[in-house]
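Data first, discussion second: the structure below is written as structure tokens.
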Amino acid sequence: VQLQASGGGLVQSGGSLGLSCAASGSIFRINVMGWYRQAPGKQRELVADITSGGTTNYADSVKGRFTISRDNAKNTVYLQMNSLKPEDTAVYYCKLEVLKRAYWGQGTQVTVSS
């Protein structure tokens, strides 16, 4: 299983960015896909995740600003980030949890300037 993330970049405070992550390989249809982030000097933290059934979970810090979605046919998860703040600056990683195993994509940098 491989995950390929794309998106990210530099944006001003209040702006928007979108991330996507496509999983490839043999993937059992029941799984959880999500986004985590890690800022310099901090631990990696959950941003949001979504089950294959569509149940979502968000960190309190992004509720109302970020939206996670997925396309099961494409094994792809998306993260729409609106009203971005400087504190959202981090490397964002996608994650796939399936059959009690976890797979990570490469990180993508999101930088929000004030």
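Just so it is clear, none of the values below were taken in a lab; they were calculated from the coordinates. Here the structure is a predicted model, which means the values were calculated and not measured. Heads up, the Cβs are rebuilt from the backbone with ideal geometry, glycines too, and the neighbour counts pull from every protein chain shown.
Using θ = phi - 60° and the Karplus form 6.51 cos²θ - 1.76 cosθ + 1.60, what ³J(HN,Hα) does each residue of region 62-75 get, whole Hz, x for Gly and Pro?
Values, residue by residue: 10, 4, x, 10, 10, 10, 9, 8, 8, 10, 5, 5, 9, 6 Hz.
Run the count for the chain, please: Lys pairs, Cα-Cα under 26 angstrom, 8 or more apart or on different chains.
For the chain, the number of qualifying lysine pairs is 10.
In whole Hz, with x marking every Gly and Pro, tabulate ³J(HN,Hα) for region 106-112 from phi via Karplus 6.51 cos²θ - 1.76 cosθ + 1.60, θ = phi - 60°.
These are the phi-based 3J(HN,Hα) values: 6, x, 10, 7, 10, 10, 10 Hz.
Got a sec? Charge dipole of the chain, +1 on Cβ for Lys and Arg, -1 for Asp and Glu; which of Trp104, Ala48, Ser114 is way out at the positive end?
The Cα lying farthest towards the positive end belongs to Trp104.
At a Förster radius of 22 Å, what calculated FRET efficiency corresponds to the Cβ-Cβ distance of Arg65 and Gln109, to the nearest 0.05?
Values: r = 19 Å, r/R0 = 0.85.
It comes to 0.75.
Which residue fluctuates most in the GNM of the chain (Cα springs below 10 Å): Gly14, Gly34, Gly25?
Sorting by GNM fluctuation, first place goes to Gly25.
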